[in-house]
Amino acid sequence: MSLAQLHYTSAPQGPDGPGGPGRPGGPDGPGSRFTAVTPGIPGSLLKEAEPLLGYESPRDAPTHPGVAELAAFPQAFSHSLLSDGTRLLARAVRTGANGGGPAGSHTHAVLLPGDAGLPGGGLPISAWNSSRWASAAPADGFPAQLEALPPSGLLGREALVGFAASRGPWLPGFLASLRELTDEAPGRQDTGRAARIVLVERDSADVALWIALACAVLPRDRADLLTFTTYTRRPRDARQRIVGVLPGDAPEPDGRDHGCRVHDCTAPVPPEHAPTPDVWAGVAARVWLGRAPELFTEAAALPGGVFAPGALAVVALCADLAPGPDGRTAAADWARTHARALGDARLRRLVEAFQAGAEDRTAAEFAALTRLFTALPDDLGQRLAAGLAPELRAGVADHGPGIARPVELLRVADVLGVDCTDLLPGLAQRLARSLLAEPEAADTPDLLTVLEEHFELRTALLSALDALAAEDPPAAVRLLGRTALVLSGVQALPHLRMCAGAPWAPAGGGGDGLAALHAALRACGVSPFTDPLVLRTAVQLVWDGGAPAPGEARRVLSETGSDAHRAAGTWRTLVRAALDSPADSATATATATGVEDADAAALAHDLLRCFPDELEPRVRGALLLLEFAGEIGAGRAGPPWTERVLALRAEAEPVEPAVLARVFGTLTRRLLSEERPEGELYALIHCGEPQLLTAYTTAAQEERVRDRLRTAPAYTADCFIAWSSLPGANRAWDSARTSLLDKVLRPAVRALSDEDTASVERSLERAGLHRAEEFRAWNRPGALSRLSRRFGGLGRAR
């Protein structure tokens, strides 16, 4: 059969064309035109074919190329579909100048019937660089008979596998685009609206290799109809499905906005491990890189079609090629439903391939292998399980981050009958730590399912969680607040049970801390005398990491005894209750009556008695300070007070602010009473301790002192004598006495009746006439009063 031919050229031609007037373009005719056409080709077909036959030089091409430059011009080798089903196979090349003019081009094309391919059965792409392509029009204007277009041999198997290796990074993306184009709805025409692959290469011969590679993947009927061109300047206007361009003509890789899947092989190499969402494309790329393109034909003969990733992965595995974790997963799922199509020998070979260890095996692959296991004959299933056992056990024992994978692998091991009993304690420990660190992980279906299925794991996990809850109760509370873990059963789990009942109305929230502690200990079901650690957990939960009030702490110590607190380590919490509990506004009333201070002092005494070996020197000093303050407040301490307090403070530095507030408050209140020992006020004045004198001034402004000043003239006289004494003793005392006289005593005296004022003066006269005179001068308005405040009060304090 002779092929119908077209010759189309842009070289300057004569006015009539070959053969004289009436022929379609003569050798001397102007412009681009047909220069030789097989007789009988309809004019309408020529008109449709003509736009497909032109040649546009690269944008930077020389106008008058030499011989070497002409050889470097790209070839536009194309296969196009015409409207009547006829196919147009053409090769366009740049030609030299004619008569000194600009260079032209020549296109040699053949027409192929829609239902027949090239003579000899070759694919259209096999005609690339065939020796029968002409680079010039026949001299007589009549095409010579053309029986075939024999292959050049440039696109053979070795050339393709070598090219695939050189384009490895771009293979998965190209093959994914090829599958997408091939899977589009049948009957879609190759028009300008059709989606296309755009290949950016510097050499059109490389584009031809890409096309040949695609045809080797496709079934014969689809490869025969694949349209392409190895070169164009206008890829968006091309009618072919695979289009080659030079780098300067590449469209932007803008997704599918213009129907172009752009693969720029001149750009930087894509990342080696870039994700390939198309599983088939990933496996197909590995097949090419494994130099085994014949596997595409083998896979196409299996159920599922040419683009079934599982079928291709199966034949790859049987050929000792690694299809990757996604490919192995697809192979396992495909084999589960098509095992009979493989035959016994190939199925056994597939099982052997799955048995081989794989460091990149995913949980999804293990799940697929589990499903395959249930569909295999017993002997093959046991072989698969035996081969996977070491890998499964290693995965269950893995100490890496996260809990999802070990849990998933344990479920797989259960289905395959792989014994992991000895690994459960270690897994339970890791699960417990992970769950406490990330409580949201407890809601995963796989974990809940495996806990329902595994009594041993559930038991070990709850025991591990209970032990960890003793170390970090708040973390266990967060976990139990998010998960459906049930604590019923025979396990004691005292710490978890307390955490499950939280919150226990901690005392810091205004509740009864001691009652909450009792409730928590009842919930755990274990006595603190049997297991002292439950006391620690209960204390942490009730007081939320803080400390009880001193009175509560004293009762807790009394009820449980020192041994339990020593073993549980909660004696430190009791020490904090004594040293850190603030005497703030919330406890102002208690402080004023001495109840809170008395509790703190009594607790300090108990702690010194119960934990003599545990207390460090500084803490011991602070507790001794509190204890002595309690003695002062109870009236049991003999002098010296101030000297002893300051000495104990020096031993306990740095002293907690709450301790200083309590001790200085107790001391100064006693110094403001008439029953203070002789010389204590003198010691206070001469110590010059700013904090202590500030505390004294603050205590003097309490309501009980103001009330005494208003109602007890003798007390008022005593305060005047004390506060006007020893001016200039030190700066701190001068500041304190001025504040006491002006802000405390003067407002109280001004509010007294004349009779009460006279009573104050009489009390002062009994202490010495000069005291009364100083008082009258101090109480007199005006300048004299100011002078008296400055120079009066030369006596000694008591």
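Summary of values
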| quantity | calculated |
| --- | --- |
| FRET efficiency for ARG780 and GLN691, using Cβ-Cβ distance with R0 set to 45 Å, rounded to 0.05 | 0.85 |
| Rh (Kirkwood; distinct C-alpha pairs) - region 672-798, Å | 14.5 |
| Extension gain, GLU616 back to GLU56 (0.36 nm per residue minus Cα-Cα distance, nm) | 192.2 nm |
| Estimated vicinal HN-Hα couplings, Hz - region 618-627 in sequence order (Karplus 6.51, -1.76, 1.60; Gly, Pro = x) | 5, 5, 4, x, 5, 5, 4, 4, 5, 4 |
| Cβ crowding within 10 Å averaged over residues, with 286-296, 378-388 ranked highest first | 286-296, 378-388 |
| Sum of side-chain charges, THR642 neighbourhood, beta-carbon under 9 Å (Lys, Arg +1; Asp, Glu -1) | -2 |
| Highest to lowest packing among 753-760, 3-10, 218-225, scored as the average C-beta count within 10 Å | 3-10, 218-225, 753-760 |
| Surface/4 estimate of mean projected area, convex hull on alpha-carbon atoms of region 264-340, nm² | 5.5 |
| Modelled FRET efficiency - R0 41 Å, ARG202 with THR337, Cβ distances, 0.05 increments | 0.35 |
| Approximate shape of region 234-382 as ellipsoid semi-axes (Cα gyration tensor, √5λ), whole Å, largest first | 36, 16, 13 |
| Ordering of 547-554, 367-374, 38-45 by packing [mean C-beta count within 10 Å, highest first] | 547-554, 367-374, 38-45 |
| Principal-axis tilt of helix 473-482 within the chain, Cα atoms, nearest 10 degrees | 50 |
| Per-selection metrics, region 389-529 (Cα): Rg and Dmax in Å | 16.8, 58 |
| Computed FRET value (nearest 0.05) for LEU289 with HIS64, which takes r as the C-beta separation and R₀ as 41 Å | 0.40 |
| Volume of the Cα convex hull of the chain, divided per residue and given in Å³ | 293 |
| Viscosity 1.002 mPa s, 20 °C: Kirkwood-radius Stokes-Einstein D of region 367-459 over Cα pairs, µm²/s | 157 |
| Length-normalised contact order for region 539-669 - Cα pairs under 8 Å, 6+ apart - percent | 25 |
| Angle between the chain longest axis and helix 455-471 axis [Cα atoms, degrees, rounded to 10] | 40 |
| Relative contact order for the chain, counting Cα pairs under 8 Å that sit 6 or more residues apart, in percent | 5 |
| Surface/4 of the Cα convex hull for region 539-669, nm² | 7.7 |
| C-alpha long axis of helix 404-416 to longest principal axis of the chain, angle in ° | 60 |
| Zone of THR421's modelled label, taken as backbone nitrogen in region 438-473 under 13 Å from a point 7 Å along Cα→Cβ | 455-457 |
| CD proxy at 222 nm, helix term only [per DSSP H run n ≥ 4: -39500 (n - 2.57); per residue of the chain; nearest 500] | -16500 deg cm²/dmol |
| Simple label model, 7 Å out from Cα along Cβ direction - ASP563 to GLU755, nm | 6.8 |
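Only the coordinates and a few stated rules stand behind these numbers; no lab work does. The model shown is predicted, which means the values in this text are computed figures rather than measured ones. Glycine gets a Cβ as well: all are built from the backbone with ideal geometry, and neighbour counts include every protein chain shown.
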